[in-house]
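The values are calculated or read from the model by the stated rules, or taken from the named source; none is laboratory data. Fair warning: this is a prediction, and the values are worked out from it, not measured in the lab. Cβ placement follows ideal geometry from the backbone for every residue including glycine, while neighbour counts extend to all protein chains displayed. The area values use the complete protein model at the heavy-atom level, side chains included, leaving out ligands, DNA and RNA. Shrake-Rupley method; radii C 1.70, N 1.55, O 1.52, S 1.80 Å.
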Amino acid sequence: MKRKCILAIVLAAILFVCAAAGEAAQDQSEWWKRTIAYEIYVKSFKDSDGDGIGDLQGIISELDHLQSLGVGAVWLTPCYVSPQADNGYDIADYYNIDPAYGTMADMETLIAEAGKRDIRIVMDLVFNHTSCENEWFTESRSGLDNGKSDWYIWADPKENGSAPNNWRSIFGGSAWEYDETRGQYYLHTFLPEQPDLNWANPEVREALINVARFWVEKGVGGFRLDAITYIKKPAEMSDGEPDASDGTVGIHAMTANTAGILDYLREFKAAVQEGTDIFTVGEANGVSAEELPEWVGAEGVFDMVFEFSHVVIDLPDEMNWCETREWSLPDFKALFAASQEATKQVSGWYPIFLENHDQPRSINHFLPAGADRVAGGKALAALLLTMRGTPFIMEGEELGFVNVAWPSIEEYDDVSTRNHYWFAVGEGYSAEEALAGVHRFARDSSRTPMQWDNSENAGFTTGTPWLPVYEDYGTYNAAAERENPDSILNWYISLAGLRREHSELITGDYQELFHENEQIFAYIRENEKAKAVVLINFSLEPAAYDAAVLEGAELLLGTGAGEKGILAPLEAAIYEVKD
Ligand code: GLC
Ligand code: MG
């Protein structure tokens, strides 16, 4: 009898160890589902050498900041050799680091130092286009007949010599640029300095696969695939129905998500990702929630895709920053619910984001005007860190950064921001209206230097910062916020800790509550172990709700009094329901 009992205990112990090991193995292979990702705008994060430009050594010196946030994946905006026409999204050499950012040795150090803190580096692969200074393009444009003549999208002029069609680039102006030597036009979805690669050519695809493999071998943990929905062009590149007074049509409507694109991406996945533990996240502007199931999940092409419906909720036409759309909280919630539902169908995963380097700051974007900045930043953080998926924090978001509102367009650095301004003026808006649009949507707002402390230039640089440091750095900086227990930064740190301890916030299902409620964003996250209820008041008024959902529930974390049935303005509360 005694022996049997011991045997049973030993067996149970073995089973337990095996199960734990199984779980650990699973954790390992899908590590990116359990972590928090952080986007670094390399140029603006931390300057180590006083040239006013953030760099890799600067990042290495601030890894502790990321570790304290529980970050396990850091997406670096492109830091390859680039003439910087679009701040690095125009790559001249995929195999080297831009000297302004450091050297390949610095990159190797960064990967190693980050690794010591369980942080993986995620590279931005800009594969829709290169820089016009990339050797590939130099060769391609050298004549009609060269080894790379078909590596880009070339087309003959119309009979009258004008561009092959009326497509307008995403940054404004014709999407075609004339090249004297070839007597042809080349296509550029973005700037003329960013010629589009021809993915229909297998040699191009192979070259790009080789680039990605090179970085996998360097030890990166994943890739963000830039502007990936534009890589496939339709067979017929004819004129489209104009949508602007100059007779042009936005290229997005003509080329985004062209049928057949997934074949290219499947090939890429098989060649680059198979047998590795890296993850991929595609920038998929133009893929709707209904289309997500084809893109993610085991059969999909990426582990996650950034889907944009919620960030353009207020922007009916991405080229026209002067026209906004009214929206309500139920609209906003419905967009999240749709993406959740779509990814769930295929057991796919979702990258949660409210900001990135192309978007305005979320406090301005998603909260009512006049919202208290600290309470508002915390309310948004609660959403970001408890929704189902991997949260992507944009640098500065964890400190509560807000949009800049510089008084003239000349002060804005971003070429797309300036082009949007001039497009609006061309469409007949006044300078004032055009500037108001810039204040709402300028990409510069998410690119101002990181604010580390209250010393000169916020501790970002000892030199002259490439973009002005925002004037509020005396209060909103990492050092001050770390000291203050009620800061936005410390709230992020608490939420990150909560995620680590509550697996339901990671693997749990997502089920929306109170959909019609115009003030409260609420949902249940539940797995086999536990059930959490998240309640966030997005409005500036107290908001009441039916507390029956909280029967027997205990407050895990909250920004307010945590009184059941009522939320103060912008209050966020996370409960655990014990059944
Ligand atoms: C993506 C990037 C953006 C860049 C564009 C062109 O949308 O996020 O910053 O300007 O692609 O590469
Ligand atoms: Mg520097």
Looking at V216, V301, which one is surrounded by 15 or more Cβ atoms within 10 Å (Cβ to Cβ) and either of a type in the set (G, A, S) or assigned to a loop (DSSP other than H, G, I, E, B) (or both)? V301
Could you check the stretch 26-49 and list, in sequence order, the residues that are more than 14 Å from ligand 2 (Cβ to nearest atom) and closer than 25 Å to A381 by Cβ? D27, E30, W31, W32, K33, R34, T35, I36, A37, Y38, E39
For the stretch 346-361, does any single residue satisfy the condition of being crowded, with 23+ Cβ neighbours inside 10 Å, touching a residue at least 40 places away in the same chain (Cβ under 8 Å) and assigned to a helix (DSSP H, G or I)? no
Any residue in the stretch 358-377 that is more than 22 Å from T324 (Cβ to Cβ) and either touching a His at 6+ places or on another chain (Cβ under 9 Å) or within 16 Å of ligand 1 (Cβ to nearest atom) (or both)? no
Of the conditions (1) closer than 30 Å to W406 by Cα; (2) open to solvent by 50 Å² or more (accessible area, probe 1.4 Å); (3) out of contact with any Asp or Glu (no Cβ under 9 Å at 6 or more places or on another chain), R440 fails just one. Which one is it? (3)
Just the residues that are away from ligand 1 (no atom under 16 Å from the Cβ) and not β-branched (V, I, T), please, taken from the stretch 64-92. D64, H65, L66, Q67, S68, L69, G70, G72, A73
How many of the residues making up the stretch 46-86 are under 25 Å from F190 (Cα atoms) and not acidic (D, E)? 13
Report yes if E541 is in contact (Cβ under 8 Å) with a residue 24 or more places away in the chain and part of a strand (DSSP E or B), otherwise no. no
Starting from residues that are touching a Lys or Arg at 6+ places or on another chain (Cβ under 8 Å) and assigned to a loop (DSSP other than H, G, I, E, B), keep the ones in the stretch 166-191 and report whichever is most open to solvent (accessible area, probe 1.4 Å). T181
Out of everything in the stretch 142-174 that is touching a Ser or Thr at 6+ places or on another chain (Cβ under 6 Å) and charged (D, E, K, R), what residue ends up being farthest from C79 (Cα to Cα)? R168
With the requirement that a residue be open to solvent by 10 Å² or more (accessible area, probe 1.4 Å) and within 16 Å of ligand 1 (Cβ to nearest atom), what does the stretch 398-420 give you? D413, V415, R418, N419, H420
Sort out which residues of the stretch 192-213 are open to solvent by less than 50 Å² (accessible area, probe 1.4 Å) and hydrophobic (A, V, I, L, M, F, W, C), and write them in order of number. L197, W199, V204, A207, L208, I209, V211, A212
Residue check: is G161 within 16 Å of ligand 1 (Cβ to nearest atom) and not in a helix (DSSP H, G or I)? no
Taking the stated definitions as given, is T448 among the polar types (S, T, N, Q), at pLDDT 95 or above, within 16 Å of ligand 1 (Cβ to nearest atom) and open to solvent by less than 50 Å² (accessible area, probe 1.4 Å)? yes
Top-ranked residue of the stretch 28-49 - restricted to ones that are modelled with pLDDT of 95 or more and among the polar types (S, T, N, Q), ranked as surrounded by the fewest Cβ atoms within 10 Å (Cβ to Cβ): S48
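Residue-by-condition table, conditions (1) among the aliphatic types (A, V, I, L, M); (2) open to solvent by less than 10 Å² (accessible area, probe 1.4 Å); (3) not assigned by TED's automatic domain parsing to the domain that holds I520; (4) not in a helix (DSSP H, G or I):
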| residue | (1), (2), (3), (4) |
| --- | --- |
| C322 | no, no, yes, yes |
| A338 | yes, no, yes, no |
| A342 | yes, yes, yes, no |
| A369 | yes, no, yes, yes |
| A375 | yes, no, yes, no |
| L380 | yes, yes, yes, no |
For the stretch 104-124, check the following and say yes or no: at least one residue is within 30 Å of H420 (Cβ to Cβ) and touching a helix residue (DSSP H, G or I) at 6+ places or on another chain (Cβ under 6 Å). yes
Return the only residue of A175, A200, A207, A256 being touching a residue at least 12 places away in the same chain (Cβ under 8 Å) and touching a Gly at 6+ places or on another chain (Cβ under 8 Å). A256
May I ask you to say which residue of D55, D124 is under 16 Å from I40 (Cα atoms), among the charged types (D, E, K, R) and within 15 Å of ligand 1 (Cβ to nearest atom)? D124
Kindly state which helices (runs of 4 or more DSSP H) lie completely within the stretch 455-516 and contain at least 1 residues that are free of Cβ contacts under 8 Å to residues at least 24 places away in the same chain, outside the structural domain of V42 (by TED's automatic domain parsing) and open to solvent by less than 60 Å² (accessible area, probe 1.4 Å). none
Starting from the stretch 381-402, keep only residues that are on the phi > 0 side of the Ramachandran plot, then list their pairs with residues that are open to solvent by 10 Å² or more (accessible area, probe 1.4 Å) and not in a helix (DSSP H, G or I) whose Cβ atoms are within a distance under 6 Å, requiring at least 6 positions of separation or different chains. G400/Y476
Those residues of the stretch 520-534 which are open to solvent by 10 Å² or more (accessible area, probe 1.4 Å) and under 25 Å from the mean Cα position of the chain (by Cα) amount to I524
Restricting to the stretch 239-295, name every residue that is small (G, A, S) and part of a helix (DSSP H, G or I). A253, A270, A271, A289
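Results for (1) acidic (D, E); (2) farther than 20 Å from V42 by Cβ, shown as yes or no for each residue.
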residue: S362; (1), (2): no, yes
residue: F366; (1), (2): no, yes
residue: E410; (1), (2): yes, yes
residue: S416; (1), (2): no, no
residue: Y421; (1), (2): no, yes
Test: V220 is modelled with pLDDT of 95 or more, assigned by TED's automatic domain parsing to the domain that holds H357 and within 16 Å of ligand 1 (Cβ to nearest atom): no
